[in-house]
Amino acid sequence: MKKLAPFAVLLLLAPSLAGAQDFLIRGARVHTAAAAGTLENADVLVRAGRIAAVGVGLDAPAGAAVVEAKGRPLTPGLFGGVTQIGLEEVNLEPSTYDAELKLEAPAWQHVWRPEFDVTPAFNARSIVLAVMRVEGVTWGAIAPLAADSLVIGQGSAVTLDGRFDAALPGSRTLFVNWGSAAHDASGGSRAAQYMLFDQAIREVREPGTSGGAALLLPEGRAALKGYLAGGRVVFFVERANDIREVVRFARARGMKPVIAGGTEAWVVARELADAGVPVILDPLENLPNDFDKLGARFDNARLLHEAGVTIAFSQTNSFQLRKNRQLAGNAVAHGLAWDAALAAITSAPAAIFGQGAERGRIEEGRAADLALWSGDPLEVTTVAEQVWIAGSPVLMRSRQTELRDRYLERLRSGATD
């Protein structure tokens with residue numbers, strides 16, 4: 001029988017994690033991302049996939065494994081951002097791409113489909129997930145890609161441990177495109193965006209009264225209705241004036257807005273803080289590449305945090321989720337407090353996506369999503385030495401590590417073919 005190449009074997013086994021274990025991590029520098037802050041030389045006890053205790057001098061129960069941390073940093077498992085991970089395997093191969101709803105009519109005239117939900121299309125066996133897990137990323141949020149509609153569709157937060165039922169309870173979210181990036185989907189202006197969205201809301205609340213061509217099917221009205229009663233709606237929007245108006249518009253109509261992008265959010269930081277509206281941003285956005293981002297600056301995250309805004313970090317490339325901690329490190333370099341930067345990739349996104357009671361912190365009772373690091377986790381030279389998701393140890397191998405080891409061995413042996 002022909003043997004499979006090592007990375008082909010990995011393809012077949014990619015989702016597999018060992019079962020949840022009882023174990024004690026002893027003597028770690030525990031960054032709890034919670035009120036307790038950082039605990040030196042502390043222990044974390046995990047039982048049945050959950051954190052059972054955090055403290056100093058904890059005893060390992062009979063049969064529990066012991067991991068000697070020797071002072072190395074331990075953090076919650078990291079948030080990978082809002083991307084299309086698990087929805088795209090190869091960018092240029094249509095059969096592996098499931099993030100868009102393409103419609104043929106002129107974008108601003110077609111029927112909106114807020115019922116479009118990418119959650120069932122998430123591929124828990126994607127080989128991309130293993131690449132992220134070995135670098136400490138244990139969960140993320142999947143969103144449809146902006147295509148032909150102002151209302152892009154729905155997505156969810158997902159665990160990256162390879163289980164088929166990966167969507168996390170309470171995380172379902174509606175995603176909306178706004179500002180100049182949505183002009184093609186809204187008749188070419190921001191004014192049309194407010195007009196069209198209000199028409200869709202009238203169709204939900206007063207069926208049959210809008211007249212003319214409807215924006216929504218019955219299924220679309222049912223989907224949108226839930227978000228008009230306190231549902232989470234993420235608006236991809238950059239310009240300060242647009243952010244301010246979107247927040248006012250969404251709250252007045254019953255939505256719970258979250259700002260994503262937010263390049264100029266620092267301008268309206270106080271208003272966002274007063275309204276309790278979080279911002280998901282890329283702290284490396286410091287140069288304007290369009291007129292919506294003229295106010296881009298490296299210290300956006302610092303200014304938002306100091307104003308009291310909840311911030312989380314994300315970049316758009318599904319294949320680079322592991323670089324979210326690099327975003328956090330750069331935010332620290334531009335004035336954000338270290339603990340706030342860690343929170344922006346752990347506890348803050350957990351709170352934003354309805355997971356605050358379950359993950360994002362190292363506290364008793366939460367899921368044991370953990371990462372043990374070789375050094376400062378916000379330094380690019382640091383690596384995750386072991387990762388656990390819900391108490392199950394991650395196989396610290398991916399297609400990249402298999403290829404690395406394969407070709408390093410060949411180089412060492414002097415092979416030339």
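Go through Val234, Val246 for me and flag whichever is closer than 18 Å to Val151 by Cβ, outside any helix (DSSP H, G or I) and modelled with pLDDT of 95 or more.
Numbers: Val246 fails: outside any helix (DSSP H, G or I).
Sole residue among the options that is closer than 18 Å to Val151 by Cβ, outside any helix (DSSP H, G or I) and modelled with pLDDT of 95 or more: Val234.
Does Val151 qualify as being over 30 Å from Val44 (Cα atoms), modelled with pLDDT of 85 or more and touching a strand residue (DSSP E or B) at 6+ places or on another chain (Cβ under 7 Å)? Lay out the reasoning, then the answer.
Values: over 30 Å from Val44 (Cα atoms): yes; modelled with pLDDT of 85 or more: yes; touching a strand residue (DSSP E or B) at 6+ places or on another chain (Cβ under 7 Å): yes.
In short, yes.
For Gly329, indicate whether it is surrounded by 15 or more Cβ atoms within 10 Å (Cβ to Cβ) and under 21 Å from Ala167 (Cβ atoms). So that I can check it myself, show each step before the final result.
Working: surrounded by 15 or more Cβ atoms within 10 Å (Cβ to Cβ): yes; under 21 Å from Ala167 (Cβ atoms): no.
It is false that Gly329 is surrounded by 15 or more Cβ atoms within 10 Å (Cβ to Cβ) and under 21 Å from Ala167 (Cβ atoms).
Kindly indicate whether any position in the stretch 211-227 is within 26 Å of Arg325 (Cβ to Cβ) and either of a type in the set (Phe, Trp, Tyr) or in a helix (DSSP H, G or I) (or both).
From the stretch 211-227, those within 26 Å of Arg325 (Cβ to Cβ) are none; that's our starting set.
The answer is no; no qualifying residue exists.
Do you know which residues across the stretch 29-52 are more than 23 Å from the chain's Cα centre (by Cα) and under 23 Å from Ala64 (Cα atoms)? Don't jump to the end; show me each part of the working.
Step one: of the stretch 29-52, the residues more than 23 Å from the chain's Cα centre (by Cα) are 29, 36, 38-48, 52.
Of everything in the stretch 29-52, those that are more than 23 Å from the chain's Cα centre (by Cα) and under 23 Å from Ala64 (Cα atoms) turn out to be Arg29, Leu39, Glu40, Asn41, Ala42, Asp43, Val44, Leu45, Val46, Arg47, Ala48, Ala52.
Exactly one of (1) within 22 Å of Ala181 (Cα to Cα); (2) under 24 Å from the mean Cα position of the chain (by Cα); (3) without any contact (Cβ under 8 Å) to a residue 60 or more places away in the chain is unmet by Glu245. Its number?
Glu245 satisfies all of (1) within 22 Å of Ala181 (Cα to Cα); (2) under 24 Å from the mean Cα position of the chain (by Cα); (3) without any contact (Cβ under 8 Å) to a residue 60 or more places away in the chain except (2).
Taking the stretch 356-388, which residues are touching a Gly at 6+ places or on another chain (Cβ under 8 Å), more than 20 Å from Ala344 (Cβ to Cβ) and not polar (S, T, N, Q)?
Ala368, Trp388 - these are the residues of the stretch 356-388 that are touching a Gly at 6+ places or on another chain (Cβ under 8 Å), more than 20 Å from Ala344 (Cβ to Cβ) and not polar (S, T, N, Q).
Are there helices (runs of 4 or more DSSP H) fully within the stretch 305-417 with at least 3 residues that are acidic (Asp, Glu)? List them. Don't jump to the end; show me each part of the working.
Values: elements: 324-333, 338-343, 347-352, 399-413.
Ranges flagged: 399-413.
Out of Ala130, Ala157, Ala143, I need the residue that is crowded, with 23+ Cβ neighbours inside 10 Å, within 13 Å of Gly86 (Cβ to Cβ) and either at pLDDT below 95 or of a type in the set (Asp, Glu) (or both). Which one? Step through it out loud before you land on a result.
Working: Ala157 fails: either at pLDDT below 95 or of a type in the set (Asp, Glu) (or both); Ala143 fails: either at pLDDT below 95 or of a type in the set (Asp, Glu) (or both).
On inspection, the qualifying residue turns out to be Ala130.
State which residue pairs qualify: first residue crowded, with 24+ Cβ neighbours inside 10 Å and at pLDDT 95 or above and inside the stretch 368-391, second residue of a type in the set (Lys, Arg) and assigned to a loop (DSSP other than H, G, I, E, B) in any location, beta carbons under 7 Å apart, and separation of 6 or more residues or different chains.
Within 7 Å, the pairs are Asp369/Arg359; Trp373/Arg72.
Just name the residue that is surrounded by the fewest Cβ atoms within 10 Å (Cβ to Cβ) out of those in the stretch 392-412 that are closer than 24 Å to Leu160 by Cβ and hydroxyl-bearing (Ser, Thr, Tyr).
So, considering only residues that are closer than 24 Å to Leu160 by Cβ and hydroxyl-bearing (Ser, Thr, Tyr), the one surrounded by the fewest Cβ atoms within 10 Å (Cβ to Cβ) is Thr401.
Based on what the data block shows, is Asp274 touching a residue at least 40 places away in the same chain (Cβ under 8 Å), farther than 14 Å from Val176 by Cα and among the charged types (D, E, K, R)? I'd like the intermediate steps shown before the answer.
Working: touching a residue at least 40 places away in the same chain (Cβ under 8 Å): no; farther than 14 Å from Val176 by Cα: yes; among the charged types (D, E, K, R): yes.
Considered against the rule, which asks whether it is touching a residue at least 40 places away in the same chain (Cβ under 8 Å), farther than 14 Å from Val176 by Cα and among the charged types (D, E, K, R), Asp274 comes out as no.
Would the stretch 281-292 turn up any residue that is surrounded by 24 or more Cβ atoms within 10 Å (Cβ to Cβ) and in a strand (DSSP E or B)? Quick ask: steps written out before the conclusion?
The first filter runs over the stretch 281-292 and keeps only residues surrounded by 24 or more Cβ atoms within 10 Å (Cβ to Cβ), leaving 281, 283.
Filter once more, keeping what is in a strand (DSSP E or B): 281.
Yes, the stretch 281-292 contains at least one residue that is surrounded by 24 or more Cβ atoms within 10 Å (Cβ to Cβ) and in a strand (DSSP E or B).
So how many residues does the stretch 227-236 have that are under 16 Å from Ala252 (Cβ atoms) and in contact with a strand residue (DSSP E or B) (Cβ under 7 Å, 6 or more places away or on another chain)?
So in the stretch 227-236, the residues under 16 Å from Ala252 (Cβ atoms) come out as 227-231, 233, 235.
Add one more test, that the residue is in contact with a strand residue (DSSP E or B) (Cβ under 7 Å, 6 or more places away or on another chain), and what stays is 227, 230-231, 233, 235.
Of the residues in the stretch 227-236, 5 are under 16 Å from Ala252 (Cβ atoms) and in contact with a strand residue (DSSP E or B) (Cβ under 7 Å, 6 or more places away or on another chain).
When you scan the stretch 167-210, how many residues do you find that are without any contact (Cβ under 8 Å) to a residue 60 or more places away in the chain, of a type in the set (D, E, K, R) and not in a loop (DSSP other than H, G, I, E, B)?
Matching residues across the stretch 167-210 total 5.
Within the stretch 25-50, can you find the residues that are surrounded by fewer than 22 Cβ atoms within 10 Å (Cβ to Cβ) and assigned to a strand (DSSP E or B)? Break it down into steps so the answer makes sense when it comes.
Taking the stretch 25-50 as the starting set, the residues that turn out to be surrounded by fewer than 22 Cβ atoms within 10 Å (Cβ to Cβ) are 26-27, 29, 34-41, 47-50.
Selection gives Arg26, Gly27, Arg29, Thr38, Leu39, Glu40, Asn41, Arg47, Arg50.
The values are calculated or read from the model by the stated rules, or taken from the named source; none is laboratory data. Treat the numbers as computed from the prediction; the structure is a model and nothing was measured. We place every Cβ from the backbone using ideal geometry, glycine too, and count neighbours over all the protein chains shown.
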